[in-house]
Amino acid sequence: MKNINLSIIIPCYNEGHSIPLLFKKIEAIQKDYFEIILINNGSTDDTKNILKQLNVNFNITVVSLKENLGYGNGIIEGIKIANGKIISWTHADLQTDPKDVIDAYKFYIKQGDAKKFILKGKRINRKL
């Protein structure tokens, strides 16, 4: 197994329309040192089928849950199978760009010996 430094968990619920663009963005940033875990959170649209059809040429895992138990549950399910030394998550609806996770990872690495570290991204197109 490759040495995985970073796991990026992406819960998906009824994101069939977003998955193709999300996948293109993931392909553009893919590196050997991280894995992508896509969690289909019991979607009722075509998300599951679209995820099955992805032409995966890199370290990506797709997990399909039968029931939607919420975004947080999707993250927990991803954590259970994550191989990375550092675990992160982002949104399938592209409110955050997956590249932002890589930028945050690089920022973390520059901090050196930071033992406790939380970095939260800014989501776009939100009313809050």
Q: Within the set of other residues whose C-beta is less than 12 Å from the C-beta of residue 26, count the net charge using Lys and Arg as +1 and Asp and Glu as -1.
A: +1
Q. If you place +1 on the Cβ of every Lys and Arg, -1 on the Cβ of every Asp and Glu, and leave all else neutral, what size is the dipole of the chain about its Cα centre, to the nearest 20 Debye?
A. 460 debye
Q: Subtracting the Cα-Cα distance from 0.36 nm times the residue separation, let me have the gained length for residue 117 to residue 53 in nm, one decimal.
A: 19.4 nm
(Q) Can you tell me how region 1-41 classifies by the Cα gyration tensor, rounded, prolate or oblate, using a/c under 1.5 as the rounded cut? (A) oblate
Q. Could you give the nm distance between label points at residue 107 and residue 61, where each point is 7 Å from its Cα heading toward the beta carbon?
A. 2.7 nm
Q | Per-pair calculated FRET efficiency, R0 = 22 Å: residue 87 and residue 46 via Cβ, rounded to 0.05 | A | 0.20
Q: Over region 1-76, give the accessible area per residue in Å² for a 1.4 Å probe, as an integer.
A: 52 Å²
Q) Restricting to lysine pairs 8 or more places apart or on different chains, what number in region 39-118 have Cα atoms under 21 Å apart? A) 14
Q.
Can you show me the helix-derived [θ] at 222 nm for the chain, built from DSSP H runs with n ≥ 4 at -39,500 (n - 2.57) apiece and divided by the number of residues, rounded to the nearest 500.
A. -9500 deg cm²/dmol
Q. If you roll a 1.4 Å probe over the chain with all protein chains in place, what percent of the accessible area is carbon or sulfur?
A. 52 percent
Q.
If I histogram all Cα-Cα distances within the chain using bins 5 Å wide from 0, what percent of pairs lands in each bin?
A. 2, 10, 21, 24, 21, 13, 5, 2, 0
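The values are calculated or read from the model by the stated rules, or taken from the named source; none is laboratory data. Predicted model only: the values in this text are computed from it and were never measured. All Cβ positions, even for glycine, are placed from backbone atoms using ideal geometry, and neighbour counts span all protein chains on display. Each accessible area value is taken on the protein alone, full model and side chains, heavy atoms only, with ligands, DNA and RNA left out. Shrake-Rupley method; radii C 1.70, N 1.55, O 1.52, S 1.80 Å.
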